[in-house]
Amino acid sequence: MDNDSLVEGLIQAGTACPFLSECKFKIHSCPSIETPKFNNFSCAAARLHLTIKTNNIPPKFFLRKIVEKE
């Protein structure tokens, strides 16, 4: 799995979210190196980050402002 991958839309158990450093929605319960999850973790913000990065979406810059830190 590369850094920006989710598997079936989920952050895999035992791994950190690949978007932690840029996500505006990061909270204490997000999977990280320090606090990995024991189960696959569903995160809509991570799916949106991945969608923005992997698709040529016309309002790309608008969407980035919603989910990414400046």
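Values quoted throughout were computed directly from the atomic coordinates according to the rules given, and no laboratory measurement underlies them. What you see is a predicted model, and the numbers here were worked out from it, not measured in a lab. In this analysis, Cβ positions are derived from the backbone assuming ideal geometry, glycine residues included, and neighbour counts consider all displayed protein chains.
May I have the pair-distance distribution P(r) for region 10-67, computed from all Cα-Cα distances with 10 Å bins from 0 and rounded to whole percent?
24, 51, 21, 4
Separation between the Phe25 and Asn55 pseudo-spin-labels, each 7 Å from Cα along Cα→Cβ, expressed in nm?
Inter-label distance under the simple model: 1.5 nm.
By how many nm would the segment from Val7 to Leu63 lengthen if fully extended, with 0.36 nm per residue of separation less the alpha-carbon distance?
Taking 0.36 nm per residue and subtracting the Cα distance, the gain is 18.0 nm.
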